[in-house]
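The values are calculated or read from the model by the stated rules, or taken from the named source; none is laboratory data. Fair warning: this is a prediction, and the values are worked out from it, not measured in the lab. Cβ sites come from the backbone with ideal geometry, for glycine too, and all protein chains shown count toward neighbours. What goes into the accessible areas is simple: the full protein's heavy atoms, side chains included, and nothing from ligands, DNA or RNA. Shrake-Rupley method; radii C 1.70, N 1.55, O 1.52, S 1.80 Å.
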Amino acid sequence: MMTLVDPRRLGVDQQVGLLFVILLGALLLASAVATLRSLQRGTDSADPGHVRMLRELRALWVGALVFWLAWVSGPVGATLAFGILSFLALREFITLAHTRRSDHRSLVLAFFVVLPLQYLLVGSRSFDLFTVFIPVYVFLAIPVLSALAGDPERFLERNAKIQWGIMVCVFGLSHAPALLLLEFPRHEGRGAFLVFFLVVVATAAQIGQELMSRWLRRRPVARHIDRSFSYRAWLAGALGAALLGALLFWITPFKAPQALAMAFIAAGAGTLGEFVMKALKKDAGVSYWGNQASITGAVGLLDRVAPLCFAAPVFFHSVRWYFQLKA
């Protein structure tokens, strides 16, 4: 007679193997279904909803890759990998922002000083400093450096865009590898599972919101930004992701109710962040970051990591505050 085994009693390698089987199987099944639907629709079909679902599915594959990369490379390798992602995302953001020659020194500071220093603080576990380095010191330094260039034209707008790009692409995303370094009692060496948990619930909330926006009667909150975003669809997506997070409690240091609450916080923040980024794209006059969208859903990197940029800092500080974790 078969007996169920508590996943939390498994060793780290066994848990990784179990996750690999579950995740890979689910992604392969979802990819097969999406491929069959594409074949049924034919090559001439350009349904925007189907294209968006394909894009979200690719985001899940990216999330799975991030988890395995974080696990295989360890904290140092994962921190470097996220640093590269931040660099590429910030480049996409700045490409669409209006800047002038006088902003070059501020941009050099952002790319080659602020970004590496932020990730260096993450890698050294200087959590108290890395949480205020950008919001305090960098936010004051950027306009000072820009003012020294002597160009007042659109000064506030230019500096606000640079500051916002740093905040989202560097500050927000840098909290993901910081999860690897949080030390929970009796949960040492399993930080990569928290990254996996965060990526999965953030992506699941996006997909859930997209699905519910189709099934529910639409009452868009801000139709000029996104006609599919509504409070009901947002709540349904966040609750669905929270339930998924509760099912994944065994890979985290949380109990099931704690996993439910933390997943809801991360999912809600991620989908709201995606909504904010859509407003920024509307302001820039583009549909996708990188402006490389095609029928295949080949969008920019920032389109795929934007929810994580918002979910990661909220999730990190919620976890650290609730469990009273020290650096």
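Please tell me if residue 197 is open to solvent by 50 Å² or more (accessible area, probe 1.4 Å) and among the hydrophobic types (A, V, I, L, M, F, W, C).
No.
Yes or no, residue by residue, for (1) part of a helix (DSSP H, G or I); (2) at pLDDT below 65; (3) over 26 Å from the mean Cα position of the chain (by Cα):
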site	(1), (2), (3)
45	no, yes, yes
53	yes, no, no
60	yes, no, no
63	yes, yes, no
114	yes, no, no
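Which of the following residues is at pLDDT below 95, over 20 Å from residue 96 (Cα atoms) and open to solvent by less than 50 Å² (accessible area, probe 1.4 Å): 149, 160?
Among 149, 160, only 149 is at pLDDT below 95, over 20 Å from residue 96 (Cα atoms) and open to solvent by less than 50 Å² (accessible area, probe 1.4 Å).
Here is a check on your reading of the model: is residue 132 among the β-branched types (Val, Ile, Thr) and either more than 21 Å from residue 82 (Cβ to Cβ) or touching a Leu at 6+ places or on another chain (Cβ under 9 Å) (or both)?
no
Any residue in the stretch 200-213 that is over 15 Å from residue 58 (Cβ atoms) sitting within a Cβ distance under 6 Å of a residue that is open to solvent by 20 Å² or more (accessible area, probe 1.4 Å)? List the pairs, counting only those 6 or more apart or interchain.
208/240; 209/234; 212/236
Within the stretch 236-272, can you find the residues that are among the hydroxyl-bearing types (Ser, Thr, Tyr) and more than 22 Å from residue 187 (Cα to Cα)?
Selection gives 271 alone.
Failed condition for residue 227, given (1) out of contact with any helix residue (DSSP H, G or I) (no Cβ under 7 Å at 6 or more places or on another chain); (2) open to solvent by less than 20 Å² (accessible area, probe 1.4 Å), with all others met?
Every condition holds for residue 227 apart from (2).
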